[in-house]
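A.B. asks: One structure, as structure tokens, below. Some questions next.
Here, each number is a calculation from the coordinates, and none is a lab measurement. This structure is a prediction, so every number in the text was calculated from the model and none was measured. We place every Cβ from the backbone using ideal geometry, glycine too, and count neighbours over all the protein chains shown.
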Amino acid sequence: MPSLVSIAELPKHVGEKVQLQGWLYNRRSSKKLQFLLVRDGSAMVQGVLVKDEVAESLWDLVDGLTQESAIRVEGEVREDARSPGGVELGVTGVEVISGSPDYPISLKSHGPEFLLDHRHLWLRSKRPQAVLKVRDEVTFGIRDWLHKEGFINVDSPIFTPNACEGTTTLFETEYFGSQAFLTQSGQLYNEASAMAFGKVFCFGPTFRAEKSKTRRHLTEFWMVEPEVAFMGLDDLMTLIENFVGALVARVLENCAEELKVLERDTAPLERAVPPFPRLSYPDAAEILRGGDTGFEDGGDFGSPDETELSSRYDRPLLVHRFPSAIKAFYMKEDPADPKLSLSVDLLAPEGYGEIVGGGQREESLEVIERKIKEHDLPKEAFEWYLDLRRYGSVPHSGFGMGIERAVSWICGLGHLREAIPFPRMIHRLSP
RNA sequence: UCCUCGGUAGCUCAAUGGUAGAGCGAGCGGCUGUUAACCGCUAGGUUGUAGGUUCGAGUCCUACCCGAGGAGCCA
């Protein structure tokens, strides 16, 4: 029996007889020829049957195959320029593992609602596969790059007893008779980990119960949050630009085929090379003031503000020193101007907005106790966190990057929902 | 929560207030190399729901249901 190979490996087996197993992506036929497009997850290949050269029973079997039937295919690998991928399979045998009558997703156009209702099947199509392969490259690249930089992965819990930032809406759940929340950030725990290991990152799902209905929001999304002891804001910004620049370069290097499927213009990605421009909030406000984006001085940026700012640069933009009043209690005040915080956001180009948010943390016990009071937060819940300031507190900084937002920008997607296998949104909990 | 837009065949969409249609998919037939193949034929409908206006409503009005993306909030 011929050896079983994956479709991606076929170019190494030209001239050999091999066996594949996978699913029928599409079938085309004329009187004397049939073309089978077979996919196995690794790649896609075209199988060819010439009527005069195969048994009638095989011809008829293949003639009756429907889209997404699971099949085992035997044949000879040969080079052929007419075939997508450069190699094709001269089919000599087909075994049906299981059928697939009336597969709902055709190769023609479908609307987003229909496709999302069938997300469990849609994953088999070219476009979702390209996006999710880029996502895999990004998530693997994150771990790879951080490890090489000396970071240790120390994950934060998903069940939490209290809000990390107070303002944002949290998903509440019952926890053995008491109240618990699903985390909206691993931030606070990450600081504890950084005091133990120096350079750490947590990487997991986070949850926001905001009733947002936009292309930039999911209720469940993934976030990587590096945190570094003894690091200040300037070095943090350098870390962010090197991190993001390395990820983009990695995707350009390893996912050219996927970006082509997605018809992504790679020029903006090729320009995303550090150093990135840095703009302070006061300077940004100067630009926005009097514009037509609806910007209010001292307030946070709205989506139109972000687009306006990033459109002035040819690569991702670092905006730093947002007003303390609009940032979380743990953000350190700028010693040069306490009204400002040592915070930073990274705005992706092309209107994709904020993909990274972070800053230097307040390390003084006295100041952070004052901030907790000012933010009207229950101090008891933060006692363990305050211990980090009581026992060997040091300056430290960190940031969080939304995986889906990063993938969405890199892939040039119109909506975040395509950047995650099974999106969770305000009106979608299934499949 | 607010604003705007939408809901017609399995899917994507048409249809001046006047006989509900096309393409794709499905079924059947044709075609010697197809690239989302192509060509012909067939089947396929309670036009989101409930009322109302009208000789006549997919189309106009009211209410409701469902969805979309924008604001707010955020990654």
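A.B. asks: Hey, what do the phi angles of the range A:171-182 turn into as Karplus ³J(HN,Hα) couplings, whole Hz, using 6.51/-1.76/1.60 and θ = phi - 60°, x for Gly and Pro?
C.D. replies: 7, 9, 9, 8, 10, 6, x, 10, 8, 9, 10, 8
A.B. asks: Just rank A:330, A:313, fewest to most, by other beta-carbon atoms within 10 angstrom.
C.D. replies: Ranking A:330, A:313 by Cβ neighbours within 10 Å, fewest first, gives A:313, A:330.
A.B. asks: Return the sequence-ordered ³J(HN,Hα) values of the range A:61-73 in whole Hz as given by the Karplus equation 6.51 cos²θ - 1.76 cosθ + 1.60 applied to θ = phi - 60°, using x for Gly and Pro.
C.D. replies: 4, 5, 4, x, 6, 10, 3, 6, 5, 8, 9, 10, 10
A.B. asks: Net charge near residue A:369, counting Lys/Arg +1 and Asp/Glu -1 over other residues with Cβ under 15 Å of its Cβ?
C.D. replies: That sum, taken over residues with Cβ under 15 Å, equals -1.
A.B. asks: Summing Lys, Arg as +1 and Asp, Glu as -1, what charge do residues with Cβ under 11 Å from the Cβ of residue A:418 carry, residue A:418 excluded?
C.D. replies: It works out to a net charge of +4.
A.B. asks: Still on this structure, I have one more. Could you state the principal axis extents of the C-alpha atoms in the range A:119-419, from the largest down, to the nearest angstrom?
C.D. replies: 54, 51, 38
A.B. asks: To the nearest 500 deg cm²/dmol, what mean residue ellipticity at 222 nm is calculated for chain A from DSSP H runs of n ≥ 4 alone, each contributing -39,500 (n - 2.57), summed and divided by the residues?
C.D. replies: Only helices count here, giving -8500 deg cm²/dmol.
A.B. asks: Same structure again: Treat the count of other C-beta atoms within 10 Å as a stand-in for reagent exposure and order A:66, A:183, A:219 from fewest to most.
C.D. replies: Values: A:66 12, A:183 25, A:219 20.
Arranged by neighbour count, lowest to highest, A:66, A:183, A:219 become A:66, A:219, A:183.
A.B. asks: Ok, one more. With Cβ to Cβ distances under 12 Å as the rule, what net charge do the other residues near residue A:27 carry (K, R +1; D, E -1)?
C.D. replies: Values: positive: A:28; negative: A:63, A:68.
It works out to a net charge of -1.
A.B. asks: Sort the range A:147-266 into rounded, prolate or oblate with this rule: let a ≥ b ≥ c be the square roots of the eigenvalues of the Cα gyration tensor; rounded if a/c is under 1.5, and if a/c is not under 1.5, prolate when a/b is larger than b/c, oblate otherwise.
C.D. replies: Judged from the Cα gyration tensor, the range A:147-266 comes out oblate (a/c at least 1.5, b/c at or above a/b).
A.B. asks: Got a sec to turn the phi values of the range A:85-90 into Karplus ³J(HN,Hα) couplings, 6.51 cos²θ - 1.76 cosθ + 1.60 with θ = phi - 60°, whole Hz, x for Gly and Pro?
C.D. replies: x, x, 10, 9, 10, x
A.B. asks: Sorted by mean Cβ packing within 10 Å, highest first, what order do the peptides A:396-402, A:77-83, A:57-63 take? Don't skip to the end; give the middle numbers.
C.D. replies: On the way: A:396-402: 23.9, A:77-83: 13.3, A:57-63: 15.0.
Listed from highest to lowest mean packing, they are A:396-402, A:57-63, A:77-83.
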